[in-house]
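Trainee: Let me give you the structure first, and then I'll get to my questions.
The values are calculated or read from the model by the stated rules, or taken from the named source; none is laboratory data. On a predicted model such as this, the values are computed, not experimentally measured, just so you know. Virtual Cβ from ideal backbone geometry, glycine too; neighbours counted across all protein chains shown.
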Amino acid sequence: MAGKNESVMLLATMVIMAASIGISSAATYTVGGNTGWKIPPQPNFYSNWASQQTFQVGDVLVFNFPAGAHTVAEVSKANFDSCGTANTIGAPKTTSPASVNLTKAGTQYFICTVNGHCGANQKLAITVTGPSSAPTASPTPPGGASTPSASSPTIPAGGSAPTGNPVAEVPSSTTAPPPDGNFGASTSVGLLSLVSVAVAALMASKSF
C-alpha cells in the first residue's frame, strides 16, 4: 500500500510541476541588466541589450534608476527618432522601479523625457511577439448564393417527395485545432486537467 501511495504522490508532483512550467511562461526583464536605466556608456548600449532578448506579450520590463534622475515614457517611432516628448503614450513614469507590461505585439519605443537624456541615447526600442491572429471566415460563394443542403431531396414539380432510402447526411467537418498562437493556452488547460486527475487519484488511494 505504501508503494502505491508513493507512486501516486510522485505522479501528482510531476504533473503539478509540468503545469507550473506551462502556465508561468511570462518573463521579467530588467532593462540594461546591472547598468539599469541611465545615459548609457556606449551609444548602442540599449539596442545591443534588446537584441539579446526575446520579448513576448505578457512579459514585463523593469526600469531601475535613481529617484528623480530619470523617467520612462512610451512614444511613437517619430518621437523616438526625434526625441520628442510632447505626445507620450500615457504619462511618463517617474518612480523607480518602473514596470511596463507588454500587452501588444509589435515594436515599442521608450525614452527618458529628462531634457537631453534621449539625445544622449537613453532610449530603447524592442520588438514584441504575440499570438497569431485568428483564421478568417470562409468566403461567401460568388453571387452571394449559399451552398445547398445535401440532406434535402428535390421534390419534382406537381409531385410528392420520392420514397425509398433517405439521402445520406453529409458528415460534419472535423473540429479545427486551435490557432498556433493559442497553443500555450490549450496546453495549460490540458495540464490543469491532468493535475485534477492526479489529485483525485491521490485522494482515492488514501481512502483504501
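Trainee: Suppose the filter is closer than 22 Å to Thr94 by Cα, over 26 Å from the mean Cα position of the chain (by Cα), of a type in the set (S, T, N, Q) and modelled with pLDDT of 95 or more; does Thr28 pass it? Quick ask: steps written out before the conclusion?
Mentor: Working: closer than 22 Å to Thr94 by Cα: yes; over 26 Å from the mean Cα position of the chain (by Cα): no; of a type in the set (S, T, N, Q): yes; modelled with pLDDT of 95 or more: yes.
The answer is no for Thr28.
Trainee: Then there is this: For the range 93-108, which residues satisfy the criterion of being surrounded by 18 or more Cβ atoms within 10 Å (Cβ to Cβ) and either in a loop (DSSP other than H, G, I, E, B) or not polar (S, T, N, Q) (or both)?
Mentor: So the first thing to find is which residues in the range 93-108 are surrounded by 18 or more Cβ atoms within 10 Å (Cβ to Cβ), and the list is 93, 96, 98, 100, 102, 108.
Passing the criteria: Lys93, Ser96, Ala98, Val100, Leu102.
Yes or no, residue by residue, for (1) among the β-branched types (Val, Ile, Thr); (2) in contact (Cβ under 8 Å) with a residue 40 or more places away in the chain; (3) closer than 20 Å to Gly32 by Cα; (4) touching a helix residue (DSSP H, G or I) at 6+ places or on another chain (Cβ under 9 Å):
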residue: Ser51; (1), (2), (3), (4): no, no, yes, no
residue: Gly58; (1), (2), (3), (4): no, yes, yes, no
residue: Gly68; (1), (2), (3), (4): no, no, yes, no
residue: Gly84; (1), (2), (3), (4): no, no, no, yes
residue: Val114; (1), (2), (3), (4): yes, yes, yes, no
residue: Ile126; (1), (2), (3), (4): yes, yes, yes, yes
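Trainee: Taking the range 46-80, which residues are outside any loop (DSSP other than H, G, I, E, B), over 15 Å from Val128 (Cα atoms) and among the hydroxyl-bearing types (Ser, Thr, Tyr)?
Mentor: Across the range 46-80, the qualifying residue is only Tyr46.
So that you can scan it fast, the table gives a plain yes or no per residue for (1) part of a loop (DSSP other than H, G, I, E, B); (2) surrounded by 10 or more Cβ atoms within 10 Å (Cβ to Cβ); (3) at pLDDT 95 or above; (4) among the charged types (D, E, K, R):
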residue	(1), (2), (3), (4)
Phe110	no, yes, yes, no
Gly116	yes, yes, yes, no
Gly119	no, yes, yes, no
Ser132	yes, yes, no, no
Ser138	yes, no, no, no
Pro148	yes, no, no, no
Pro153	yes, yes, no, no
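Trainee: Need the failing condition index for Gly84 against (1) within 14 Å of Gln122 (Cβ to Cβ); (2) out of contact with any Phe, Trp or Tyr (no Cβ under 8 Å at 6 or more places or on another chain), just the number.
Mentor: Condition not satisfied by Gly84: (1).
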